[in-house]
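Comments concern the structure below.
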Amino acid sequence: MTTQDTPRKTLLRRGALLAGTAILGIGLAAGIADSAFMQNDHAYAQPIELSGTQSQLPSFANLVDKVKPAVVSVRVKAEVAAAADRDGQSLDDLPPQLRRFFRDFGGEEGGGRQAKPKPQMAMAQGSGFFISQDGYVVTNNHVVEHAVEVQLVTDSGKTLEAKVIGTDPRSDLALLKVKDGGDFPYVKLADGKPRIGDWVLAIGNPFGLGGTVTAGIVSAQGRDIGSGPYDDFLQIDAPINKGNSGGPTFNGNGEVVGVNTAIYSPSGGNVGIAFAIPASTVKQVVDQLKNGGKVARGFIGVQIQPVTDELAAAIGLDSPRGALVAEAQSGGPAAKAGIRRGDTIVAINGEQVKDARDVSRRIANVAPGSKVSLTVLREGHTRDVSFEVGRQPAA
């Protein structure tokens, strides 16, 4: 995904890097460096003393040795639509003396019609990681979108041909598989969420620099960054840049707690705010992609909106919670079961819901064809409505 800087907005930057769009120059002024070392030959790192005890900054070297072989760089040849020549102008807009020139040099096909631009090939790159010994790899959907050829470069430098098993645009996840068999190092997805303040490691391919390791902490959980109805991102401050997309974020046990997918930045570079898809979401999506190549989500056919303080007071709630039904789609599962506009969903299967996003995520995680029970508040009274969940239309 490519974005453009604007002076007025801070943009979310996806980390797939178009090949050739960045040139990284690395240089060292040897004389200056030598002088600095000579002048600071007594500046050694000292332990930090806290409350009578000595503490040192952690070393992640053993952890990196353990997990880094499972991380790969993802190189993609993708088909993209070509921009129309001359901003889409017809040759009829040109002076008569120029029309023949442009027609002779490929500007127009016979019959006075402008040639349809042909699709072009673009190179992109991101990151990914093995989740199984037989070669399944997780990355971002936006890294491999429109891919016609995918290659994986391992930590040891070996290049592997891979195919796309399935993608899920709504969660921005994709599952790949190495074409040839092999015995690959892999990592496991964590069972639980990390705590805010826990150390994490990010490993990936920023700016084409494969095998780059950065460290930071979990800054927040449950972030909504406006990318979709199921936003539930981990926020981390480990440096993430273009090309890190699809790479893993590890906890201290070497388990993947998130898949890096976006950064928040006014300039396109890291400013200490990055977002990762939680491992719990990755598990659900990957299992379905592995089994059928697609993700099936629950659907009840309602449009919902958040409950504000004013709405809560008006409908008799002690606090703003749940989701107000703005519309029940005619013929949809909820409408057929009697859910109507003005109802407030306050619980699903007996468990209270926090807000509209919570309702969307929970319903999406219900398997189509399964039964669900909604507790709704209507005219000051609650009632339970049970019905079968439908299948969400494809993105």
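No value in this document is a laboratory result; all are computed from the given coordinates. Small disclaimer: the values here were computed from a predicted structure and weren't measured. Neighbour counts are summed over all protein chains in view; Cβ atoms, including those assigned to glycine, are modelled from backbone coordinates with ideal geometry.
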Dipole moment magnitude, nearest 20 debye, the range 196-351 about Cα centre, only Lys, Arg, Asp, Glu C-beta charged: 600 debye
Order by protection proxy (mean Cβ within 10 Å, highest first), peptides 157-168, 198-209: 198-209, 157-168
Inter-site label distance for ASN349 and LYS294 at 7 Å from Cα along Cβ, in nm: 2.3 nm
For a label point 7 Å along the Cα-to-beta-carbon line of LYS77, residues of the range 142-161 with backbone N under 11 Å: 148-151
Cα gyration tensor, the range 256-395 - rounded (a/c under 1.5), prolate or oblate: oblate
Net charge, ALA215 excluded, C-beta distance under 12 Å - Lys, Arg +1, Asp, Glu -1: -2
Pairwise FRET efficiency - SER156 versus LYS283, Cβ, R0 = 22 Å, nearest 0.05: 0.20
Distance from the range 275-298 to the range 164-201 (C-alpha centre basis), Å: 10 Å
Within-12-Å neighbourhood charge of VAL353 [Cβ basis; K, R +1; D, E -1]: +2
Candidate lysines for bridging to LYS177, where Cα separation is under 20 Å - those fewer than 8 sequence places away on the same chain excluded: LYS68, LYS77, LYS158, LYS163, LYS188, LYS283, LYS290, LYS294
Charge context of THR249, other residues only, Cβ under 13 angstrom, K/R +1, D/E -1: -2
